[in-house]
Amino acid sequence: MSKKLLLLFVWLSSACAAFSQKIQSPSEFLGYHLGDQFTYHYRIVEYFKYVAQTSKNVKLVKYGTTNEGRPLMAMFIASDENIGRLEEIRQNNLRLAGMNSSNGSSSSTTASTATTPVIIWLSYNVHGNEPSSSEAAMQTLYDMVDPANTHTKAWLKNTVVVIDPCLNPDGRDRYVNFYNSVKGTSPDANPSAREHSEPWPGGRVNHYYFDLNRDWAWQTQKETQARVALFSQWLPQIHVDFHEQGYNSPYYFAPAAEPFHKDITAWQKEFQTIIGKNNAKYFDQQGWLYFTKQEFDLLYPSYGDTYPTYNGAIGMTYEQGGIGAGLAIVTRMGDTLKLSDRIAHHLSNGLSTIETGSAYAQKAINEFKKYYENSRTNPPGEYKAYIIKNDNADKIAALAKVLDRNGIQYGFGLKSSTIGYNYTNGKTQAFSIGQNDMVITAYQPKSVLLNVLLEPKTIVADSITYDITAWALPYAYGLNAYGVKEPLKPVTTGLTPIKAVPVNSTNAYAYVCAWQSVEDVKFLAALLKEDIKVRYSEVPFEVGDKKFEAGSLIIAKAGNDRNDFNLFISRLAASYNRSLEPLASGFVDKGSDLGSDHIKYMVPPKIMLVAGEGVSYEAMGEIWHFFEQQIGYPVTQVKYSDLNRVKLSDFDIAIFPDGRYADFPSDKLLSWVHDGGKLIALENAVALLADRKGLDISKKKEDKGGPKNHPADDKVYENREREATSSSVPGAIYKLDLDNTHPLGFGLRKYYYALKLNDEIYEPLGDSGWNVGTIKKDNWVEGFVGRKSKEKLKDGMLLGVQKSGRGSVVYIVDDPLFRSFWENGKLLFSNAVFMVQ
């Protein structure tokens, strides 16, 4: 045998041995049995990398990183025949949906269904303190690639399985680090033990304390943006989101509870039941408890079950009891729930779902194709087109970004007249479509998701629901919109960015910038960080044919003593795409001259954001994220428990997010306000200020003339949950009358859409305050509101400002930054920070 042939033989033998070698199980690789301890995220990553190097049936994809730099990854698992043609399978699947990766749409007639594998996507650990699922993900991966496992080998003949082992690595490691730092040599199963009580903020949320399982549609967080981008490149037929719930609860799996959104198809409901029955078969064999059709509904569009559902998949949530359970805990039933039990339950349902998907692969593919064909040719919903009026280019651009991320097509260029439902007044009326108005046709692949996100009234079939019941994007963005029943198509597709007009002046007296969007707030923040002195006008003014609204930013040469003033301002404006109007003089034609006391100097505020125990971590995180990631302005986080030792005079503004604050407000805090500080109170912080000495705010008294409570003898026990909803407001939209001449309302219309999560409402402020946002008797717009709450929510104040000595208190009753998708509230909140004095 020649030397070359010998070397080739040795190489081939080594290669074959490598592919045929035994793949280590997670327990073998990690050095401990799964369930004996929690696995750090980096070790999960190492195991997935190990399998990727060892198995020929997988492909590992790193699709992003977290805020703290941890990798996000997904493992694609397929048969010998399919692993090499994953890209072909992906492209064919998009063609089934009438889309392709190059232009977002194409005919589905060229797509093959006969040999197309069903794509099953398993997502784990979106909530960091629900950690058993990432452990189960490793075992599921092993079972799917184990050469000796004949069952999984058979399933892979007509499936591609995708495993994302940890959607929230930062939250997971926060929980695991906590648990490992307090556990003893053996777990303490007593529920009172310290290891079962996480410190603030807990591991549920990501770095900025956002719940990533509420962010699928809005995609405000970098983890979600990266994950949904990958998800949308594949569009699986089946998606499972693995969770944990309270440790006393048995396991939950599909079918889901009512309410279902009306656009969910009969097949999507039917296949949930088919999958659920197969899951139940294995649970029954083991004697494990479970429940279905309760609590977890399919309505709110931004969950890990609903979002895939509105994208044509069978989307499901699986919930194992286990939050706070640690490695072991004694349940209310007296049983000891171990981590190993939780892993076993998730593993069983993961494999059972793959088995069912394989058994119904052809049916799932055919129904998937049918779903998208119907979307393109017979879209759901009352309206066949939506027109978004372009009276705020920055808000239109922000909306376009969300539509792009969700694969929803839109365009411009249509000039016409038609009849449509006016979102602003709730009437059907004639209107004109301008060439710059956004036109969204319902005849497109993502028509279901489009309808869910834009429909002006969401039908809530059952009042017992898990989350908010109103979210229509025109209200969330504060944009005028119309729903049109006739088919309309734009002339051009996509958004052409509007570039700011360059500043040509070389010797301006001052520059004026509009104040009407978050983009203007970003520019202001940049100016202040560059030590540029900024003023703003409290009243409208005119110079020549130019009109400037109240709130307009004024950057005058006076006080900004730098030789490159004009060049620097023009370059900074260009970098933020802001159009500036140069003024040659401080003399104006109408309104107040630039030296008037109606032109206010803006002191760069030093801001304290209250955090820590007692504070809603999600509400605090929204504000933190807004300052740090959206407008780029510094904010100092201060623990509420440290407030008594903090030198409050170091700060100009104190922001108190929603929370339960003990001994609030303190005399020290009120003295600071009286001496010139500004207190911004949000949600329950407002409630805690009510009826406090020195403040003029009080809760609205109940209307004794309203409907009487039902007599106790009319109460029926089985209706107790539904009766409780009579005082419930699980996220409804109200239209506030807004005094936009007040600094809190600058840049906004004479109305403001608030997302109400409760029925809190306050008496109008007296002479020492301003009632900036109020509601009358008919201000409800959409979303479920219980009958008692609807009676209560009228004739009261929801946005107000009160002077207190030389300082002020800003009352914001409802969250203006809700999950960071409520774009309508960001300028309002910025006004509270920068404009109100």
**Complete:** Output ordering of 222-228, 776-782 (per-residue mean of other Cβ within 10 Å, highest first) is 222-228, 776-782
**Request:** Please give the length that would be gained between residue 549 and residue 489 if that part of the chain were fully extended, namely 0.36 nm times their separation in residues minus their C-alpha to C-alpha distance (nm, one decimal).
**Result:** 18.2 nm
**Item:** Inter-label distance for residue 435 and residue 699, nm, one decimal - labels placed 7 Å from Cα along Cα-to-Cβ
**Value:** 5.6 nm
**Asked** What number, in percent, do you get for the relative contact order of region 524-585 if the mean sequence gap of Cα pairs under 8 Å and at least 6 apart is divided by its residue count?
**Response** 23 percent
**Fill in**
Among region 590-613, those whose backbone N falls under 18 Å of a label point 7 Å along Cα→Cβ from residue 636 are 603-612
**Request:** Please work out the Cα center distance from region 354-416 to region 175-210, rounded to the nearest Å.
**Result:** 41 Å
**Message:** Below 8 Å between Cα atoms, with a sequence gap of 6+, how large is the relative contact order for region 19-141 in percent?
**Reply:** 19 percent
**Fill in**
A 1.4 Å probe over the protein heavy atoms gives region 593-649 a carbon and sulfur accessible-area percentage of 47 percent
**Fill in**
Here the tail fraction of P(r) beyond 15 Å, over all Cα-Cα pairs of region 413-452, rounds in percent to 56 percent
**Asked** Measuring from label point to label point, each 7 Å out along Cα→Cβ, what is the residue 194 to residue 43 span in nm?
**Response** 2.2 nm
**Item:** Spin-label pair residue 776/residue 36, simplified geometry with 7 Å Cα→Cβ offset, distance in nm
**Value:** 7.1 nm
**Asked** In whole Å, how far is the Cα centre of region 44-70 from that of region 428-455?
**Response** 40 Å
**Request:** List, largest first, the extents of the alpha carbons of region 334-401 along their principal axes, each in whole Å.
**Result:** 61, 34, 21
**Message:** Which of rounded, prolate or oblate describes region 471-532 when judged by the alpha-carbon gyration tensor and an a/c cut-off of 1.5?
**Reply:** prolate
**Request:** Output the direction-averaged projected area (hull surface divided by four) of the convex hull of the alpha-carbon atoms of region 35-92, in nm².
**Result:** 5.5 nm²
**Prompt:** In the chain, what percentage of the DSSP-assigned beta bridges are antiparallel, given to the nearest 5?
**Reply:** 65 percent
**Asked** Hey, what's the Cα Rg ratio for region 497-614 versus the globular rule of thumb, 2.2 N^0.38 Å?
**Response** 1.11
**Fill in**
Expected unfolding gain across residue 60-residue 291 under the 0.36 nm per residue rule, minus the alpha-carbon gap, is 79.7 nm
**Request:** Sort 342, 214 from largest to smallest accessible area, using a 1.4 Å probe on the heavy atoms of the protein chains.
**Result:** 214, 342
**Message:** Leaving out ligands, DNA and RNA, and with a 1.4 Å probe, what % of the accessible surface on region 361-404 is carbon or sulfur?
**Reply:** 44 percent
**Prompt:** Over the Cα atoms of region 542-604, Rg to Rh with Kirkwood Rh, two decimal places?
**Reply:** 0.95
**Prompt:** Per-residue ellipticity at 222 nm for the chain, helices alone: DSSP H runs ≥ 4 residues times -39500 (n - 2.57), over residue total, nearest 500 deg cm²/dmol?
**Reply:** -8500 deg cm²/dmol
**Request:** Excluding residues fewer than 8 places away in the same chain, name every one of the lysines whose C-alpha is closer than 24 Å to that of residue 293.
**Result:** 262, 269, 277, 281, 363
**Prompt:** Sorted by average packing, counted as other Cβ atoms within 10 angstrom per residue and highest first, what order do 241-253, 783-795 take?
**Reply:** 241-253, 783-795
**Complete:** For the chain, the Cα convex hull volume per residue in Å³ comes to 213 Å³
**Asked** Which FRET efficiency value, to the nearest 0.05, do you get for residue 457 and residue 795 by plugging their Cβ-Cβ distance into 1/(1 + (r/R0)^6) with R0 = 22 Å?
**Response** 0.40
**Fill in**
On the formula 1/(1 + (r/R0)^6), with r taken between the Cβ atoms of residue 596 and residue 507 and R0 of 25 Å, the FRET efficiency rounded to 0.05 is 0.65
**Message:** I need the phi-derived Karplus couplings for region 383-398: 6.51 cos²θ - 1.76 cosθ + 1.60, θ = phi - 60°, integer Hz, Gly and Pro marked x.
**Reply:** 10, 9, 7, 10, 10, 10, 5, 8, 9, 7, 4, 5, 5, 4, 5, 5
**Rounded to whole Å, sorted largest first: equivalent-ellipsoid semi-axes of region 304-430, Cα gyration tensor** = 45, 22, 13
**Fill in**
Rounded to two decimals, the Debye log10 I(q)/I(0) of region 264-355 (Cα scatterers, no solvent) at q = 0.11, 0.24 Å⁻¹ is -0.37, -1.29
**Linear extension gain, residue 180 paired with residue 248, 0.36 nm per residue minus alpha-carbon span** = 22.2 nm
**Asked** Separation of region 723-773 and region 256-331 by C-alpha centroid, Å?
**Response** 36 Å
**Message:** Explain nothing, just the number: relative contact order of the chain, from Cα pairs under 8 Å at least 6 residues apart, as a whole percent.
**Reply:** 10 percent
**Request:** Give the peptides 401-414, 516-529, 485-498 in descending order of average Cβ contacts within 10 Å, highest first.
**Result:** 516-529, 401-414, 485-498
**Request:** Report, to the nearest 10°, how far helix 3-20 tilts away from the longest principal axis of the Cα atoms in the chain, using its own Cα long axis and a range of 0 to 90°.
**Result:** 70 degrees
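The values are calculated or read from the model by the stated rules, or taken from the named source; none is laboratory data. The shown structure was predicted, so the numbers you read here are calculated from the model rather than taken from an experiment. A quick note on method: Cβ atoms are made from the backbone with ideal geometry, for glycine too, and the neighbour counts reach across all protein chains shown. For accessibility, only protein heavy atoms count, side chains too; no ligands or nucleic acids. Shrake-Rupley method; radii C 1.70, N 1.55, O 1.52, S 1.80 Å.
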